[in-house]
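The values are calculated or read from the model by the stated rules, or taken from the named source; none is laboratory data. Small disclaimer: the values here were computed from a predicted structure and weren't measured. Heads up, the Cβs are rebuilt from the backbone with ideal geometry, glycines too, and the neighbour counts pull from every protein chain shown.
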Amino acid sequence: MIKIAPSLLSANFVRLEEEINNIQKAGADIIHLDVMDGHFVPNLTFGLPIIKQIKDIAKIPIDVHLMVSNPDVYLETLGKWNIDYVSFHQEVENHIHRQLKVLQKYGVKAGVALNPATPVETIFPVITDLDFVLIMSVNPGFGGQSFIPLVYDKIEKLRKLADQVNPELEIEIDGGVNNINAPKLINKGANILVAGSYIFGSANYKKQIQSLRNK
Ligand code: DX5
Ligand code: ZN
């Protein structure tokens with residue numbers, strides 16, 4: 001099943017509850033939340049208090065994407081709040097097994113995110129410990145950037161190995177996703193598609209979400 005995860009980064013932040021209700025009504029499967037620290041990426045968004053408030057009103061699973069230099073400080077709290085999916089970046093974390101265990105002890109689906117220039121092979125040693133992999137198809141930090149096609153090859157390699165050793169592994173793609181690249185991403189083996197500007201840039205969220213699902 002293909003899951004569509006609107007990224008709230010492109011939502012109207014002064015009408016956040018309304019935006020959340022609207023994407024839920026429009027058929028979204030997951031709410032994608034981008035946490036940025038102004039250090040790992042050159043932008044700032046929001047942190048724990050806002051995540052908690054969103055979790056309290058959301059009727060669908062929450063996916064927290066930590067684009068921060070020190071993800072450790074968030075993991076226990078996100079676990080205690082029963083956040084559904086949490087990913088941190090491979091580029092900042094040297095103790096991946098330990099961090100995954102912290103999340104998984106609370107039943108959180110734990111994932112590692114990879115920047116476009118980070119080879120997918122770097123997570124092969126931990127592939128059986130992961131619930132999902134987030135493959136960035138833009139350099140993280142901003143919505144509305146152009147899709148980088150080298151991700152197709154990464155998805156294919158990852159899906160091939162996962163089918164042998166961890167068939168439940170979910171593959172999430174984030175950045176520049178639209179109705180043109182979605183069919184190929186799905187075809188290569190991705191099952192969670194994050195989309196920010198493609199969904200929130202339109203007046204008809206339902207139509208946009210449906211157009212990403214269609215193969
Ligand atoms: C980028 C974020 C994405 C972003 C995607 O750093 O991780 O989740 O919101 O936005 P679009 O779909 O507009 O590229
Ligand atoms: Zn993201």
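Evaluation of residue 174 against the conditions (1) touching a residue at least 40 places away in the same chain (Cβ under 8 Å); (2) in contact with a helix residue (DSSP H, G or I) (Cβ under 6 Å, 6 or more places away or on another chain); (3) buried (at least 22 other Cβ atoms within 10 Å of the Cβ) shows that the sole unmet condition is (2).
Screening residue 53 against (1) without any contact (Cβ under 8 Å) to a residue 24 or more places away in the chain; (2) part of a loop (DSSP other than H, G, I, E, B) leaves a single unmet condition, (2). Each residue in segment 170-215 was checked for being within 10 Å of ligand 1 (Cβ to nearest atom) and in a loop (DSSP other than H, G, I, E, B), and 6 pass. Only a single item in (1) of a type in the set (Asp, Glu); (2) out of contact with any His (no Cβ under 6 Å at 6 or more places or on another chain); (3) surrounded by 14 or more Cβ atoms within 10 Å (Cβ to Cβ) is not met by residue 34, and it is number (2).
When residue 26 is tested against (1) over 18 Å from the mean Cα position of the chain (by Cα); (2) over 24 Å from residue 208 (Cα atoms); (3) within 16 Å of ligand 1 (Cβ to nearest atom), exactly one condition is not met: (2).
Residues in segment 3-45 that are over 20 Å from residue 61 (Cα atoms) and acidic (Asp, Glu): 1 in all. For segment 1-11, a residue qualifies if it is surrounded by 14 or more Cβ atoms within 10 Å (Cβ to Cβ) and away from ligand 1 (no atom under 13 Å from the Cβ), and the qualifying residues are 2, 3. Can you tell me which residues in segment 12-26 are surrounded by 17 or more Cβ atoms within 10 Å (Cβ to Cβ) and outside any helix (DSSP H, G or I)? Once the filter is applied, which keeps residues that are surrounded by 17 or more Cβ atoms within 10 Å (Cβ to Cβ) and outside any helix (DSSP H, G or I), segment 12-26 yields only 26.
The residue of segment 96-113 that is nearest to residue 56 (Cα to Cα), among those that are buried (at least 22 other Cβ atoms within 10 Å of the Cβ) and touching a residue at least 40 places away in the same chain (Cβ under 8 Å), is 111. Taken over segment 96-116, residues that are closer than 16 Å to residue 135 by Cβ and either assigned to a loop (DSSP other than H, G, I, E, B) or among the aromatic types (Phe, Trp, Tyr) (or both) amount to 2. Candidates in segment 60-79 are the residues that are among the hydrophobic types (A, V, I, L, M, F, W, C) and in a strand (DSSP E or B); of these, the one that is nearest to ligand 1 (Cβ to nearest atom) is 67. The residues on offer are 86, 102, 133, and the sole one that is in contact with a Leu (Cβ under 7 Å, 6 or more places away or on another chain), among the β-branched types (Val, Ile, Thr) and away from ligand 2 (no atom under 16 Å from the Cβ) is 102. Please find, within segment 118-147, the residue that is farthest from ligand 1 (Cβ to nearest atom) out of those that are hydroxyl-bearing (Ser, Thr, Tyr) and exposed (fewer than 15 other Cβ atoms within 10 Å of the Cβ). Here the answer is 128.
Within segment 34-50, the presence of a residue that is more than 16 Å from ligand 2 (Cβ to nearest atom) and of a type in the set (D, E, K, R) is excluded. Answer yes or no: is there a residue in segment 86-95 that is hydrophobic (A, V, I, L, M, F, W, C), in a helix (DSSP H, G or I) and buried (at least 18 other Cβ atoms within 10 Å of the Cβ). No, that holds for no residue. The condition of being more than 16 Å from ligand 2 (Cβ to nearest atom) and either at pLDDT below 95 or at positive phi (or both) holds for only one of 107, 141, that being 107.
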